[in-house]
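**Student:** Can you read through this structure? Questions will come right after.
The values are calculated or read from the model by the stated rules, or taken from the named source; none is laboratory data. Please read these numbers as outputs of a predicted model, since none were measured by experiment. As a convention, Cβ positions derive from the backbone with ideal geometry for all residues, glycine included, and neighbour counts pool all protein chains shown. With ligands, DNA and RNA removed, areas are computed over all heavy atoms of the protein, side chains included. Shrake-Rupley method; radii C 1.70, N 1.55, O 1.52, S 1.80 Å.
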Amino acid sequence: MSRRIVFSVAAGVIALGGAGAFALAYAGEQPPVLSHSTARYTAPDGDRGGSFTFTTDVTASSGVKSVKVLAWPASSPFAQKGLTAKDMAAVESAVCKPSGEDTVRCTYKVTVTRAEADGSPRGLWHVAVLATAKDGDTTLDPKATDFTVV
């Protein structure tokens, strides 16, 4: 093999190796990713209480520290001003269980009383999610999924 070909091949290997290392380092710095988010609202009926259940999968290479969930009506002030991580600081957390190498399945479930249902706005609601990874990276999705209160 000529020296020119050997040098070209070696330079190509070094360039590809450097790009691969950069891609791996960059992949490790990604914020948490939400997927498969679903919400189910069941209104109270007669003697039976109602419920709200939200489920999502969260993937973070450093692991998931917490997942906070807030259901909010589309007619609320959040629709105009937007929802921030600060707004999510005091909301309740979902319960998360491992479901893959870097993924957890998180579920948030609450009982809905007749009084709560009667006092809630009818129509479209959104579910906001704040996921925090163990390395401190966060993802806020103010409209992870929707449901309707009839």
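**Student:** Tell me which residues, restricted to the range 41-98, are hydroxyl-bearing (Ser, Thr, Tyr) and touching a Gly at 6+ places or on another chain (Cβ under 6 Å).
**Tutor:** Thr42, Ser61, listed by residue number.
**Student:** A further question follows. Cβ-Cβ distance below 8 Å, separation of 6 or more or different chains: which pairs start in the range 43-58 with a residue that is without any contact (Cβ under 8 Å) to a residue 60 or more places away in the chain and end on one that is part of a strand (DSSP E or B) and open to solvent by less than 10 Å² (accessible area, probe 1.4 Å)?
**Tutor:** Thr55/Cys106; Asp57/Cys106
**Student:** Then there's this: If I ask for residues that are acidic (Asp, Glu) and in contact (Cβ under 8 Å) with a residue 60 or more places away in the chain, which ones from the range 117-150 would you list?
**Tutor:** Going residue by residue through the range 117-150, those that are acidic (Asp, Glu) are 118, 135, 137, 141, 146.
Passing the criteria: Asp135, Asp137, Asp141, Asp146.
**Student:** Considering the range 105-135 alone, what residues qualify as being within 17 Å of the chain's Cα centre (by Cα) and among the polar types (S, T, N, Q)?
**Tutor:** Thr107, Thr132 - these are the residues of the range 105-135 that are within 17 Å of the chain's Cα centre (by Cα) and among the polar types (S, T, N, Q).
**Student:** Something else now. From the residues in the range 67-84 that are small (Gly, Ala, Ser) and either exposed (fewer than 13 other Cβ atoms within 10 Å of the Cβ) or more than 15 Å from the chain's Cα centre (by Cα) (or both), which one is farthest from Thr139 (Cα to Cα)?
**Tutor:** Within the range 67-84, the subset small (Gly, Ala, Ser) is 71, 74-76, 79, 82.
If we keep only those that are either exposed (fewer than 13 other Cβ atoms within 10 Å of the Cβ) or more than 15 Å from the chain's Cα centre (by Cα) (or both) as well, we get 74-76, 79, 82.
Numbers: Ala74: 21, Ser75: 23, Ser76: 22, Ala79: 19, Gly82: 15 Å.
That would be Ser75.
**Student:** To continue, here is another question. Please work out if Gly82 is among the small types (Gly, Ala, Ser) and touching a residue at least 40 places away in the same chain (Cβ under 8 Å).
**Tutor:** The answer is yes for Gly82.
**Student:** Turning to a different aspect of this structure: Given Arg3, Arg40, which one is open to solvent by 50 Å² or more (accessible area, probe 1.4 Å), at pLDDT below 95 and either over 27 Å from Ser120 (Cα atoms) or of a type in the set (Lys, Arg) (or both)?
**Tutor:** Arg3
**Student:** Got a number for residues in the range 52-66 being assigned to a strand (DSSP E or B), open to solvent by less than 40 Å² (accessible area, probe 1.4 Å) and in contact with a Pro (Cβ under 9 Å, 6 or more places away or on another chain)?
**Tutor:** Adding up the residues that qualify gives 2.
**Student:** Another question about this same structure. Quick check: anything in the range 94-113 crowded, with 17+ Cβ neighbours inside 10 Å, closer than 19 Å to Thr38 by Cα, touching a helix residue (DSSP H, G or I) at 6+ places or on another chain (Cβ under 8 Å) and at pLDDT 95 or above?
**Tutor:** Looking through the range 94-113, none of the residues is crowded, with 17+ Cβ neighbours inside 10 Å, closer than 19 Å to Thr38 by Cα, touching a helix residue (DSSP H, G or I) at 6+ places or on another chain (Cβ under 8 Å) and at pLDDT 95 or above.
**Student:** When Thr138 is evaluated against the numbered criteria (1) crowded, with 18+ Cβ neighbours inside 10 Å; (2) within 10 Å of the chain's Cα centre (by Cα), which criterion, by number, is the only one it fails?
**Tutor:** (1)
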